[in-house]
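Data first, discussion second: the structure below is written as structure tokens.
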Amino acid sequence: MQDNTHNSDASTSLLEKVPVEKTICLGLTKKALGIVIAAFIVLAGLVGIVVAFWAINNTNAKKDLNSQNPVSFSFRLPTDVIPVHYDVHFDFDIHGWTYIVRENIVIDIKNKSIEQIVLHLDNNYLDLDNATLISPDDRIIFTNNIVFNSTYQTVAIVFGAELKTFLQGNYSRFNLSLECPGIVSDGGLTRSNYLDEGGVIKTVAVTDLEPTGARSVYPCFDEPSLKATFNTSISIDTTTGFTAISNMPILSTLPDDPDDTTVQRFQFETTKKMSTYLLCFTISQYAATEAVTSSNVTIRVHAPVSRIQQGIFARDTAVKAIEAYVQYFGIDFPLPKLDLVAIPDFSSIGMENWGIATFSMEVLLWDDQVSSIKSQQYIAKVVSHEICHHWLGDLVTLSWWDNLWLNEGFTQYHEYVGVDSAYPEWKIFDQFIKIERDAAMRSDGVESAHQLVTPVEGPKGMLQLFDPITYSKGASLVRMIKNRLGQETFQKALTNYLKKFSYSNANTSDLLSSFYETTHDEGLSQFVINWSTQPGFPAISVVSKPGAVSLSQGRSDMNGQSTSQLWSIPVTLQTDKGILSVMMDNATIEVPTNDTLVYVNVDGDGYYRVKYDATTRDTIVRILSSGNWTLLSSKARGSIVDDAISLLFDQTLAVDANYTMSIVKYLGRERALVPWQTAAEAFERILDLTEGSECHVLLQAFLRNITTSVVETLGWSVRPEDTHDDLLLRGEIFSLAVSANNTDVIRQGYQLFLQAKSLGNPPNTSAVDLWPIMLESAGRNNNGTNFHWMLKRYQESLVPTEKEDLLAALCTFEGEAQMNELLAISLNPNTTSVDSVGILKRMGMNSQLSRKTAWNFLKQNWSAYEQANSGSAFIMADILTVPSLFSTKEDYNDVKDFLEKHQVVSAQVASEEVVEKIDGNIKWREGRQQALTDWLKEYLNQ
Ligand SMILES: [Zn+2]
């Protein structure tokens with residue numbers, strides 16, 4: 001899965017949501033019970049078999065008794081019942097968006113003395129009145145003693161002591177028959193609206209079940225290691241124009257009733273053995289665009305009819321990525337087809353359901369007229385990510401959620417393999433430093449960071465693990481493992497692991513023992529355990545001495561807490577004569593060498609930061625300002641810049657502004673993407689923290705100074721010689737120039753916006769990657785007419801990536817009326833949660849004024865936001881980023897007090913993180929701002 005932590009700007013139409021009431025249609029329950037009893041009587045009469053029947057008239061049975069009930073519940077399911085196969089039929093009423101799920105679960109009962117069967121069912125969405133257990137020799141046992149537990153979202157089907165008698169004999173395999181009414185609501189099965197051709201609003205329903213959503217859609221044994229096969233079928237009234245797709249190809253489409261062809265049953269082929277969270281179906285009126293891979297896998301991108309052309313890029317990327325992974329893993333794509341479905345107002349960015357991957361619209365649909373190269377690259381990454389999961393996650397699945405990094409860290413690394421194979425000219429691995437390593441370190445650099453393999457407490461605890469630490473730190477560790485083993489051995493070990501655990505599950509020790517079979521690397525296990533079981537990351541201090549380089553390690557921390565943690569660090573040293581490699585297991589080591597040290601951590605491959613002594617720092621500065629500066633690769637320069645600028649935020653190593661700025665001042669001559677990518681984001685952050693101060697104004701002047709010639713070189717129009725990196729760099733540099741208040745860029749951007757406004761589209765003489773800059777330039781002009789033109793276009797645009805750019809620009813308007821209008825839209829129940837949160841987040845990022853306005857509004861309307869998003873961990877964590885750029889004591893106390901009074905149970909980690917970040921910001925301003933101001937003054941006066 002790609003959750004929203006990886007998408008800073010997901011958004012879809014303000015129109016694309018139907019408010020859905022969260023109630024269970026209990027009227028169906030009686031009917032359902034009647035059907036089961038009728039079936040039971042008929043069957044009993046026909047075969048005359050031995051029947052045990054417990055129609056316990058227990059009025060308390062359906063209560064959530066939690067601690068006082070006689071059934072003991074726990075977070076994990078009992079191990080005495082194992083599911084083997086599900087026949088699961090969803091009978092939909094499209095008009096009311098309700099359904100009845102009818103299930104036959106084939107189970108193996110390991111313990112014949114049990115009195116109840118416990119499985120998962122979220123009683124907020126599903127109801128259950130009774131259940132039937134059928135033996136292979138057609139005996140039946142029935143109960144209506146059903147006990148729910150809301151804490152663990154489980155249900156005990158209590159048969160009582162007679163179950164022991166029923167279970168005696170040679171059989172261990174039984175059929176559990178259940179029938180539940182359910183509703184398409186805000187659980188694992190949701191629906192959302194979208195604008196289609198002719199301004200018609202249509203609806204799509206979709207499941208999204210990782211990690212614990214399955215239990216809200218169908219009763220099941222909802223733990224990843226309880227894999228089973230599934231026969232899924234879906235009945236819908238097809239005269240409505242709706243059709244269904246699911247994990248497997250359609251086996252048949254037949255009327256439920258031969259005399260009435262209105263309702264058709266879509267029966268899908270039997271799945272491979274898989275985890276419950278991977279079941280998926282969509283019900284929509286979509287169109288599809290299709291292609292076939294060289295190994296005959298059918299790929300279809302499904303999207304609204306009006307946007308189907310926008311699916312072609314994702315479709316072609318999917319074909320290339322599948323072919324690349326088949327070769328890389330040495331294992332065929334496990335299924336005959338793959339559907340990729342675009343979903344409006346989707347709770348995830350992408351989800352790897354086996355054979356039917358689902359995506360937020362803006363990460364699947366792309367239009368070359370208005371979509372930037374940045375969004376194209378992001379689409380390629382997310383599509384590759386979800387396809388890669390078909391091996392890493394779907395074929396071999398984590399045993400339990402504490403090992404989420406096995407799914408997500410490995411996939412996050414390997415999405416680069418897919419993109420690199422599909423678009424080698426993009427050199428996507430070069431961007432790893434910025435997109436993964438740096439993103440991980442920003443989350444991992446706070447005291448409250450969690451370790452990679454971390455215990456999971458309760459269903460809500462696991463949601464908090466879908467964060468940059470699990471994904472990007474996980475990917476960074478995978479990259480270090482790959483570097484340690486070498487590409488060939490690493491790939492062989494991975495293939496061995498995937499083959500060994502196919503259609504099964506694994507934890508970290510399974511992976512390590514499997515890797516050992518291939519690598520015989522005695523130290524690998526200890527290395528991986530060292531990195532995966534402690535939070536944070538190291539920073540290395542480097543001192544060059546005669547005949548040696550001294551290295552000492554400590555935990556990098558933006559809040560200055562010292563620890564005695566030690567890492568096994570694969571250190572690489574670039575000298576003037578070559579590369580030295582050494583494994584650093586102690587707090588301090590000396591590397592003997594008479595060569596001149598150039599820099600440490602070659603190409604930024606290791607997950608650590610580096611601080612140099614004055615001698616080496618001077619060497620670096622000298623090289624960067626010399627005629628030979630490009631002898632350092634762009635990755636090397638990117639890594640050096642990234643460390644130098646990030647260390648400004650590290651409280652334990654306490655570098656001063658002179659250290660950082662003397663290195664990064666060379667950027668005025670830099671034309672490569674990676675160093676600018678790392679610098680731009682850090683400078684934007686410093687601009688945010690210093691707003692209103694002299695430092696802010698001086699930094700803007702410095703940034704204008706170093707960006708102007710890059711802006712002039714790249715220009716507003718695409719040049720014939722532009723590479724992928726140039727196209728990306730143009731967007732980065734112009735954006736930084738706007739933040740630096742480059743009035744020429746803002747004026748020209750505004751002129752181009754006015755042209756676009758009269759043309760109806762951005763002028764084709766300018767680079768499409770600068771459309772967001774034109775929009776932002778208009779935002780800075782703060783004209784109410786432009787605001788409403790943009791808002792209208794936002795509401796009507798059929799291109800999801802453009803909607804994101806429009807939303808970002810709308811949040812740069814700082815007129816009181818415009819900010820209030822946006823916040824009112826954010827709170828409107830008809831606004832999608834993605835839009836609602838997108839407005840808050842972007843206003844939080846834009847400026848002090850908009851941040852303060854958004855935070856005050858959020859405080860006043862906290863319960864409404866919490867209620868609207870059902871306390872979703874992902875969404876609440878996103879909302880909690882709004883105050884994260886505050887940097888005064890007053891704001892710190894305000895946020896801390898507020899969050900203490902309004903405990904966010906589902907996003908406790910994010911809650912602690914935001915308070916810690918603000919504390920770090922304050923410390924940064926107190927400790928670093930003056931020195932930076934002094935340096936900038938001196939530099940600008942030269
Ligand atoms: Zn994923």
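Stretching Ala161 away from Glu890 to a fully extended chain increases their span by 256.2 nm, per 0.36 nm per residue minus the current alpha-carbon distance. Taking the Cα atoms of the range 164-208, the ratio Rg/Rh between the radius of gyration and the Kirkwood radius comes to 1.42.
Roughly speaking, to the nearest percent, how much of the chain's 1.4 Å accessible area is carbon and sulfur?
After summing per-atom areas, the C and S share lands at 50 percent.
Residues with beta-carbon under 9 Å from that of Ser172, excluding Ser172: net charge, scoring Lys, Arg +1 and Asp, Glu -1?
+2
Couplings for the range 145-160, taken from phi via the Karplus curve 6.51 cos²θ - 1.76 cosθ + 1.60 with θ = phi - 60°, read 8, 10, 10, 8, 10, 6, 4, 9, 6, 10, 9, 9, 9, 8, 9, x Hz in order; Gly and Pro are left as x. Taking amide H atoms as placed 1.01 Å from N in the peptide plane, the amide H of Thr154 lies under 5 Å from those of Leu121, Asn149, each 5 or more residues away in sequence or on another chain. For the range 605-721, the Kirkwood hydrodynamic radius from C-alpha pairs, put into Stokes-Einstein at 20 °C and a viscosity of 1.002 mPa s, yields a diffusion coefficient of 141 µm² per second. Excluding ligands, DNA and RNA, the accessible surface per residue across the range 853-942 is 45 Å² with a 1.4 Å probe. Using the 1.4 Å probe convention, the accessible area of the range 548-641 works out to 40 Å² per residue with neighbouring protein chains retained.
Quarter the surface of the alpha carbon convex hull of the range 509-573 and you get the mean projected area, 6.2 square nanometres. So if we plug the beta-carbon distance of Thr229 and Asn586 into 1/(1 + (r/R0)^6) with R0 = 51 Å, what FRET efficiency do we get, rounded to 0.05? Here the calculated transfer efficiency is 0.50. Sorting 663-670, 292-299, 784-791 by their mean Cβ neighbour count within 10 Å, with the most densely packed peptide first, gives 663-670, 784-791, 292-299. Computed extension length for Val697-Val200: 174.0 nm, one decimal, from 0.36 nm per residue of separation with the Cα-Cα distance subtracted.
For the range 246-307, what does the alpha-carbon gyration tensor say about shape, rounded, prolate or oblate, given a ≥ b ≥ c as the root eigenvalues, a/c under 1.5 as rounded, and a/b over b/c as prolate? Cα axes put the range 246-307 in the oblate bin. Placing unit charges on the Cβ atoms only, positive for Lys and Arg and negative for Asp and Glu, gives the chain a dipole magnitude near 580 debye about its Cα centre. Per residue, the convex hull around the alpha carbon atoms of the chain comes to 167 Å³.
Peptide packing: for 614-621, 685-692, the average count of neighbouring Cβ atoms within 10 Å per residue gives the ranking 685-692, 614-621, highest mean first.
The values are calculated or read from the model by the stated rules, or taken from the named source; none is laboratory data. Source: prediction; values computed, not measured. Cβ atoms come from the backbone with ideal geometry, glycine included; neighbour counts cover every protein chain shown. Ligands, DNA and RNA are excluded from the accessible area calculation, which covers all protein heavy atoms including side chains. Shrake-Rupley method; radii C 1.70, N 1.55, O 1.52, S 1.80 Å.
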